[in-house]
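Enquirer: Quick one: this structure, given as structure tokens, is what I'll be asking you about.
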Amino acid sequence: MEQTFDVLIAGAGYAGAVCARSLAEGGKRVLVLERRGHVGGNAYDCPDEAGVLIHQYGPHIFHTNDSRVFAWLSRFTQWRDYQHRVVADIPDEKGGRMRYPVPFNLTSLETAFGPEEGKRLGDKLIAAYGAEKKVTILELRQNPDSEISALADYVYEHVFVHYTMKQWGQKPEDIDPNTTARVPVFLSRDDRYFQDACQGMPLEGYTPMFQKMLDHPNIKVELGVDALERLDLSGDVLKVDGVPFEGEVIYTGQADELFRFQYGPLPYRTLDFRFETLEKDDFQGYGTVNYTVDQDYTRITEFKHLTGQVLPGKTTIVKEYSRAYGGILGEIPYYAIINPENNALYGQYKALADRFPNLHLLGRLAEYKYYNMDAIAGRALDLAETLLAK
Ligand code: FAD
Ligand code: UDP
């Protein structure tokens, strides 16, 4: 088959689409192969049967301090100003339920312990760590002061341990510390989930943003095509459609799958999403409510709060259930399970990839990392720049 492209990209999520556009603007002819029937990767959104704009692969809120990434993406979308706020919903001592902000902050303290005691404890934490400081739960648990350590135990028990067991099947101290550090205790009254300078949702949704990004005369997108059927890495040179290919190949799928699991599968967590449409305007008053103590699901997201969509009398929510990824057909590997053993296994696959100077692993799956959208967009821009400078 004749090769009419300079670059082959597997995957049309952030990693693939951002690279594709950047390289296309640099004059490269880019072929993007996407296994799914749509672009956008896990950020894909679409209207459901009730007409509610949903995120099919879980709630995605854009936030960044990287002005380069924000400016670049802003060429393909306008933004709706949205500051994500999350509450923990937990059983209280009177048999009812209570809610307070997550990340656990000064307001959470006062809700949990009452205004006076909460204020006193808050002042004590501020004296120990400083106002507006973020302290990870693992760090807080190291504090030798008996009152602070009792408070750390409270937060551990009510916010972290059960949620983390549900999400990862492991305790907070047994998972990568960077993961729980994403949601530190925050000695502030700022009850937003993120403090980044730029936050929001693409005004028309993520999918139209990706469609605009990929709409370029130098880009051809083929949907429903598995790149593994076109790529051959079995010999010394990389082949595409059976013919040696000297252009660049950017692979954004799983590294273990790319090499036919020859060292065994990399472990992941997968999620089951249960969507429900309810005949009401508003179900929970928040974009996301975390169930940090009970329930089998980790969190419920109500999309209308994220997107600002006005649709009286109807709302769609999604409950997230996490479990081990088994690698069976239709299951999606959402989260790499980062630990030294798994990183070492990933390193073996990376070494196989490094045998081909024109093969680049990029993205959450291909790099076995916990990237947010802005981080992977930034890496994609960097890679494209490096390749164009070659
Ligand atoms: P993906 O989006 O997974 O895209 C990879 C694409 O490659 C997929 O479309 C896949 O079908 C395709 N592919 C794989 N193998 C092949 C193949 N062999 N051939 C062809 N195509 C292939 N980040 C945030 O910043 N904010 C959030 O609020 C947020 N929420 C999240 C919620 C959940 C539940 C999850 C799981 C992630 C969330 N993220 C969030 C992270 C965000 O999803 C990732 O940063 C982003 O999707 C990574 O982009 P990617 O291109 O690396 O991977
Ligand atoms: N976490 C928790 N309780 C919460 C929120 C988060 O224990 O209410 C922990 C949990 O281990 C989770 C991690 O912090 O996996 C990171 O949370 P984040 O909301 O960033 O996860 P994501 O949205 O990426 O799934």
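Enquirer: What do you reckon, is Val87 under 24 Å from Pro184 (Cα atoms) and under 20 Å from the mean Cα position of the chain (by Cα)?
Expert: yes
Enquirer: Taking the residues in the stretch 61-111 that are among the charged types (D, E, K, R) and in a helix (DSSP H, G or I) as candidates, determine which candidate is farthest from Ile376 (Cα to Cα). Show your work before the answer.
Expert: Restricting attention to the stretch 61-111, the residues satisfying the condition of being among the charged types (D, E, K, R) are 66, 68, 75, 80-81, 85, 89, 92-94, 97, 99, 110.
In the following step, the residues that additionally are in a helix (DSSP H, G or I) were identified as 68, 110.
Details: Arg68: 13, Glu110: 37 Å.
If we take residues in the stretch 61-111 being among the charged types (D, E, K, R) and in a helix (DSSP H, G or I), then Glu110 is farthest from Ile376 (Cα to Cα).
Enquirer: OK, next. For the stretch 296-325, give me each residue that is more than 12 Å from ligand 1 (Cβ to nearest atom), more than 19 Å from Glu204 (Cα to Cα) and touching a His at 6+ places or on another chain (Cβ under 9 Å).
Expert: none
Enquirer: Would you kindly identify the strands (runs of 3 or more DSSP E) lying entirely within the stretch 289-377 that contain at least 1 residues that are more than 15 Å from ligand 2 (Cβ to nearest atom), of a type in the set (S, T, N, Q) and surrounded by 20 or more Cβ atoms within 10 Å (Cβ to Cβ)?
Expert: The strands (runs of 3 or more DSSP E) meeting that bar are 315-324.
Enquirer: Give me the pairs: first residue in the stretch 125-145 and under 15 Å from Arg189 (Cβ atoms), second residue charged (D, E, K, R) and modelled with pLDDT of 95 or more, beta-carbon distance under 8 Å, and six or more apart or on different chains, which are they?
Expert: Within 8 Å, the pairs are Ile126/Lys133; Glu132/Asp190.
Enquirer: Sticking with this one: Among the residues of the stretch 207-257, what is the count of those that are away from ligand 1 (no atom under 13 Å from the Cβ) and in a loop (DSSP other than H, G, I, E, B)?
Expert: Looking only at that region, the number is 14.
Enquirer: How about the stretch 32-75: which of its residues are among the small types (Gly, Ala, Ser) and away from ligand 2 (no atom under 16 Å from the Cβ)?
Expert: If the condition is that a residue be among the small types (Gly, Ala, Ser) and away from ligand 2 (no atom under 16 Å from the Cβ), then Gly37, Gly40, Ala50, Gly51, Ser67, Ala71, Ser74 are the ones that fit.
Enquirer: Which pairs do you get when a residue that is under 19 Å from Glu139 (Cα atoms), found in the stretch 182-198, comes within reach of a residue that is surrounded by 19 or more Cβ atoms within 10 Å (Cβ to Cβ) and of a type in the set (Phe, Trp, Tyr), reach meaning Cβ atoms under 7 angstrom, with the pair 6+ apart or on two chains?
Expert: Val185/Phe104
Enquirer: On to the next question. Quick check on my filter: what residues within the stretch 288-339 are modelled with pLDDT under 95 and small (Gly, Ala, Ser)?
Expert: Those that are modelled with pLDDT under 95 and small (Gly, Ala, Ser): Gly327, Gly330.
Enquirer: State all residues of the stretch 165-197 that are in a helix (DSSP H, G or I) and either more than 10 Å from ligand 2 (Cβ to nearest atom) or more than 16 Å from the chain's Cα centre (by Cα) (or both); if no residue qualifies, say none.
Expert: First, pick out the residues of the stretch 165-197 that are in a helix (DSSP H, G or I): 165-168, 172-174, 177-180.
Answer for the stretch 165-197, where residues must be in a helix (DSSP H, G or I) and either more than 10 Å from ligand 2 (Cβ to nearest atom) or more than 16 Å from the chain's Cα centre (by Cα) (or both): Met165, Lys166, Pro172, Glu173, Asp174, Pro177.
Enquirer: Identify, by number, the condition in (1) more than 13 Å from ligand 1 (Cβ to nearest atom); (2) without any contact (Cβ under 8 Å) to a residue 40 or more places away in the chain that Leu266 doesn't meet.
Expert: Leu266 satisfies every listed condition except (2).
The values are calculated or read from the model by the stated rules, or taken from the named source; none is laboratory data. Just so we're clear, the structure is a prediction, and the values are computed from it rather than from any experiment. Backbone-built Cβ (ideal geometry, glycine too); neighbour counts: all protein chains shown.
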